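Some notes on the structure that comes next.
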Amino acid sequence: MLDTNVLASGIVGLAAGASPPSEVIRRWGRREFDLVLSDHVLDELDRTLRKPYFTARISPRQLDQVLWTLGHEAEVTPITVTVFGIATHPEDDLVLAAVASAEVDFLVTGDAQLQNLGRFGGSMIVSAGRFLEILDRALDVPADENDATR
């Protein structure tokens with residue numbers, strides 16, 4: 001599962017150049033991993049990408065295309081688990097609830113406070129850069145081959 005900050009940064013980064021979040025999005029596009037999202041994350045992403053910082057960087061057409069693709073190509077899981085008081089922000093408890101509901105292996109986030117949890121249930125909480133390292137090992141890609149994209 002990718003949280004909103006990784007998705008938003010990655011989407012903007014696709015056009016702006018290489019960054020760990022944009023590389024994660026590219027890897028999903030190449031089907032190197034399955035992406036699971038919740039309606040909450042999709043709604044939060046929609047609100048985030050409509051803020052001036054993002055609208056200055058992506059067109060309304062690109063925004064609609066990205067949201068459509070994520071909504072139709074990712075697995076959208078319902079939140080069936082309640083999480084309260086684990087994260088420092090209530091909206092992050094909703095992300096953790098989605099993680100627990102979907103029983104995903106990873107939550108990829110740029111939020112240092114969530115990363116400090118390390119794990120939630122059976123899910124590892126990692127940065128985009130760390131997730132790329134894990135993907136590289138799983139796909140047996142030499143580390144120096146992807147250094148230019150980070």
Can you tell me which of PHE106, PHE84, PHE131 moves the most in a GNM of the chain? Springs connect C-alpha atoms under 10 Å apart.
PHE84
Return the sequence-ordered ³J(HN,Hα) values of the range 25-31 in whole Hz as given by the Karplus equation 6.51 cos²θ - 1.76 cosθ + 1.60 applied to θ = phi - 60°, using x for Gly and Pro.
4, 4, 5, 5, x, 8, 6
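For the range 4-142, what class follows from the C-alpha gyration tensor (a ≥ b ≥ c being the square roots of its eigenvalues): rounded when a/c is under 1.5, otherwise prolate if a/b is larger than b/c, else oblate? Present the calculation step by step, with values, prior to reporting the outcome.
Numbers: a/c = 1.57, a/b = 1.15, b/c = 1.37.
Taking the square roots of the gyration eigenvalues as a ≥ b ≥ c, the range 4-142 is oblate.
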Hey, in the GNM for the chain with a 10 angstrom Cα cutoff, which one of THR77, THR48, THR88 fluctuates hardest?
THR88
Those trypsin sites (Lys or Arg not before Pro) from the range 67-148 that are DSSP loop and have at most 12 other Cβ neighbours within 10 Å turn out to be none
Give the longest segment of the chain that steers clear of GluC sites (Glu not before Pro) in DSSP loops with at most 15 neighbouring Cβ atoms within 10 Å, not counting the sites themselves.
33-102
Just to check I understand the Karplus step: with θ = phi - 60° and J = 6.51 cos²θ - 1.76 cosθ + 1.60, what whole-Hz values come out for the range 106-121, glycine and proline as x?
9, 10, 9, 9, x, 7, 4, 5, 5, 4, 5, 5, x, 9, 9, x
State, as an integer percentage, the relative contact order of the chain based on alpha-carbon contacts under 8 Å between residues 6 or more apart.
27
Where labels lie 7 Å past Cα in the beta-carbon direction, separation of GLU103 and LEU67 in nm:
3.2
Counting only DSSP beta bridges with both residues in the range 4-142, tell me the antiparallel percent, nearest 5.
25
Enumerate the amide H contacts of LEU37 below 5 Å, restricted to partners 5 or more residues apart or on another chain; note that Pro and chain-start residues carry no placed amide H.
GLU75, VAL76, THR77
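Each reported figure results from applying straightforward, stated rules to the coordinates on display, with no laboratory input. This structure is a prediction, so every number in the text was calculated from the model and none was measured. Cβ sites come from the backbone with ideal geometry, for glycine too, and all protein chains shown count toward neighbours.
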